[in-house]
Amino acid sequence: MEKHIKVLVDEDGDLERLDKYLALILPEQSRTYIQALIKEGHVLISGAKTKSHHKIRAGDEIEVNLPEPIALDIEPEDIPLEVLHEDGSIIVVNKGAGMVVHPAAGNYSHTLVNALMFRTKDLSDINGVLRPGIVHRLDKDTSGCIVVAKTNEAHRKISAQFEHRETRKEYIAIVRGVIKDNHGFIDVAIARHPVLRKKMAATPEGRTALTRYEVVERFSNATILRIKPETGRTHQIRVHLSHLGYPILGDEQYARPHRSQFAFPIPRQMLHAMTLGITHPETGHFIEFTAPLPDDMEFVIGELRKEKIR
């Protein structure tokens, strides 16, 4: 059944953001889930719908309706996983390119979640039946490190680390074009594309997005980059590099159509989450995990080096 909650805002909540205040009042729910509830009209202030960034006032009455989880039959599937680490709190996986992280409309099978459910019954349920254990995501065609929470406590703690930029993330990308500067910093806001809703766009009206990069190796018409995103916006690295004029090789969504300048196939977008560092939710120790560069990216780099020698 739907759960109905009423909260009277006290003095400590005066002028606080609605979503932030509810995250404190409802610690078992993630802030992302709370924002979704607000957007879908399940949160009312004095009987009226509002937005996540609304500043509440002492004395406001907040009504929260927590919908009953949708009973969907997400089947465990025996899909091989490359597990980098597992303990009682977390699982760290080297996700392969081509694998969707969690089920969604029209795609309820062959995802990372299906594979995880076959491996263990211990996954956090904060994000509901479609995203058990999922704290953060990687795009379907991005490979590399992803951490999954096995308990709700671990989920809340790791989510907070991502939100407060306390994780360490390092990616390897191969981009089209030769970047001259050895280091760079991209500070360009990102928002949903105004027309193409599946895409993101660089725009001053968006949310702050920060990306650092350094050149690893240059070729005749490509560059390998080590990338350290300081924020975690959707498609951030892909959007930022495309905006800079150096789109990721194989990125069909953010690279302008062009005649291939390479004599070998580019199998998918050349982006890999190489390193992920988090504070372990149970021990409190900072730990890092590394996913080796996948074979398809090694192949492309090898071909680029051959062209460089010619």
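Computed from the coordinates by the stated procedures, all read-outs in this text should not be read as laboratory data. The shown structure was predicted, so the numbers you read here are calculated from the model rather than taken from an experiment. Please note: Cβ atoms are built from the backbone with ideal geometry, for glycine as well, and neighbour counts cover all protein chains shown.
For the range 206-213, the Karplus equation 6.51 cos²θ - 1.76 cosθ + 1.60, evaluated at θ = phi - 60°, returns couplings of x, 8, 3, 9, 10, 9, 9, 8 Hz by residue, with Gly and Pro reported as x. Ordering L241, L44 from the fewest to the most neighbouring beta carbons within 10 Å gives L44, L241.
Helix screen, the chain: no DSSP H segment has Cα axial length of 15 Å or more and mean Kyte-Doolittle hydropathy at least 0.5.
Please enumerate, by chain and number, the aspartates and glutamates with C-alpha under 13 Å from the C-alpha of K140, excluding those fewer than 8 residues away in the same chain. The qualifying aspartates and glutamates are D251, E252. Given the options V216, V148, V135, which has the most mean-square fluctuation in a GNM of the chain, springs set between C-alpha atoms less than 10 angstrom apart? The residue that fluctuates most here is V216. In this label model, E282 and E214 are separated by 3.4 nm, measuring between points 7 Å along each Cα→Cβ vector. Footprinting exposure proxy ranking of S46, S143, S52, fewest other C-beta atoms within 10 angstrom first, gives S46, S52, S143.
Considering all C-alpha pairs of the range 82-163, those separated by over 18 Å amount to 35%. Note down the net charge around N182, summing +1 for each Lys or Arg and -1 for each Asp or Glu among other residues with Cβ under 15 Å from its Cβ. Within the 15 Å Cβ shell, the charges total +2.
Look at where the Cα atoms of the range 1-26 and of the range 216-290 average out, and the two centres are 38 Å apart.
Take every pair of alpha-carbon atoms less than 8 Å apart whose residues are at least six positions apart; their mean separation over the length of the chain yields a relative contact order of 14 percent.
Each Lys and Arg adds +1 at its Cβ and each Asp and Glu adds -1 at its Cβ; summed about the Cα centre, the chain shows a dipole of about 1460 debye. Amide H contacts under 5 Å for D14: A58, restricted to partners 5 or more places along the chain or on a different chain, H placed in the peptide plane at 1.01 Å from N.
So if R0 is 51 Å, what FRET efficiency would K140 and D12 give, r being the distance between their Cβ atoms, rounded to the nearest 0.05?
0.75
Of the residues V43, V113, V100, the one that moves most in a GNM of the chain with alpha-carbon contacts below 10 Å is V43. On a straight-distance basis, which aspartates and glutamates could pair with K228 in a cross-link, Cα separation under 12 angstrom, same-chain partners fewer than 8 positions away excluded? Partners found: E170, E214.
Full extension of the chain between N221 and K3 gives 72.7 nm of extra length, using 0.36 nm per residue less the Cα-Cα distance. Here the Gaussian network model covers the chain, with springs between Cα atoms less than 10 Å apart; of E298, E77, E166, E298 fluctuates the most.
Report, in listed order, any pair from K51/K169; K51/K95; K3/K150 with a Cα-Cα distance greater than 28 Å.
In this structure, K51/K169; K51/K95 lie more than 28 Å apart at Cα.
Convex hull volume of the Cα atoms of the range 168-309, normalised per residue: 129 Å³. Counting beta carbons within 10 Å around each of I25, I174 and listing the fewest first gives the order I25, I174. Under the simplified labelling scheme, the I25-D187 pair shows an inter-label distance of 3.6 nm, with each label point 7 Å from Cα along Cα→Cβ.
Sequence-ordered 3J(HN,Hα) estimates for the range 174-186 from the Karplus curve with 6.51, -1.76 and 1.60 and θ = phi - 60° stand at 10, 10, 7, x, 10, 8, 7, 6, 6, 9, x, 9, 10 Hz, glycine and proline given as x. The Kirkwood radius of the range 224-282, taken over pairs of alpha-carbon atoms, gives through the Stokes-Einstein law at 37 °C and 0.692 mPa s a diffusion coefficient of 245 µm² s⁻¹. Computed packing ranks the peptides 282-289, 208-215, 176-183, 187-194 as 208-215, 187-194, 176-183, 282-289, most packed first, by mean other Cβ atoms within 10 Å.
Relative contact order of the range 168-309: 26 percent, from C-alpha pairs under 8 Å at least 6 residues apart in sequence.
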